[in-house]
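Working notes, structure below.
Bear in mind that the values in this text are calculations on the coordinates, not laboratory data. None of these values were measured; they are calculated from a predicted model. Methodologically, a virtual Cβ is constructed for each residue, glycine included, from the backbone with ideal geometry; neighbour enumeration extends over all protein chains shown.
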Amino acid sequence: MVESTPTKQRVWDLPLRLFHWSLVLLVTLSLYTGINGGFKEMDYHMLSGYGILTLVIFRVIWGFVGSTHSRFRSFIKLSELIPYTRQILSRDQSDITGHNPLGALSVVAMLLVLGTQATTGLFANDDIFLEGPLVHLVEDATSDRLTTIHHFCAKALYVLIGLHLAAIAFHELYQKDRLVLPMISGYKKGLSTSADKPSSIRESVTASILLAACAGFVYWLINYV
């Protein structure tokens, strides 16, 4: 009996992949400039924060209008969390196509922390020469509290990034479940999925319009509010 060659199935759409890697770059820049301080570095820090806020807003909306595995309803399933956790050491995870239940929690936590960090940054100050563009809307004491939350989110972000990298290593090395390459190519081998048929042009146009709208909203927020 001749074994059939595992077929490739699309899992991640192009907008989601571009979001993911753009977020990686912006978060790296934001953390680096936040640590190093400096006048010019903090200018880049604020710009990266605006970019992160734009991407987070985009991802939240894309979670409702994107392709199958981008939608929150396809992977946020709390009823599956405990059963999945009980058999997490099993190497047989072939039935999981998109985010697994723990990965879903990671996505939600990352979006919440990044969204909170970027938003509080709009009202934050460093008591020296830098203030967020919306600091004039709140009292000094409120700005100080939001600055504290902003710094706390940065520490929480380190924890989430560490857990994320550890999870990738666990899946890649122990379970032999490739996570990085599919986030580049969009495809995984040997999967059966009920995902909708890809329409690259429609997805790209929809995502481009949505991203432009999110960027326009953030620009308006920081310049005209």
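Helix-only arithmetic for the chain: the sum of -39500 (n - 2.57) across DSSP H runs with n ≥ 4, divided by the residue total, places the mean residue ellipticity at 222 nm at -21500 deg cm²/dmol.
When +1 charges are put on Lys and Arg Cβ atoms and -1 charges on Asp and Glu Cβ atoms, the dipole computed for the chain relative to its Cα centre reaches about 1040 debye. How far, in degrees from 0 to 90, does helix 101-121 lean away from the longest principal axis of the Cα atoms of the chain, to the nearest 10? Around 10 degrees separate the two axes. Within the same chain, lysines fewer than 8 places from K189 are excluded, and of the rest, those with a Cα less than 29 Å from its Cα are K8, K77, K176, K197. A straight chain from I61 to F129 at 0.36 nm per residue would run longer than the Cα-Cα distance by 21.0 nm. The lysines whose alpha-carbon is closer than 28 Å to the alpha-carbon of K40, local same-chain residues fewer than 8 away aside, are K155.
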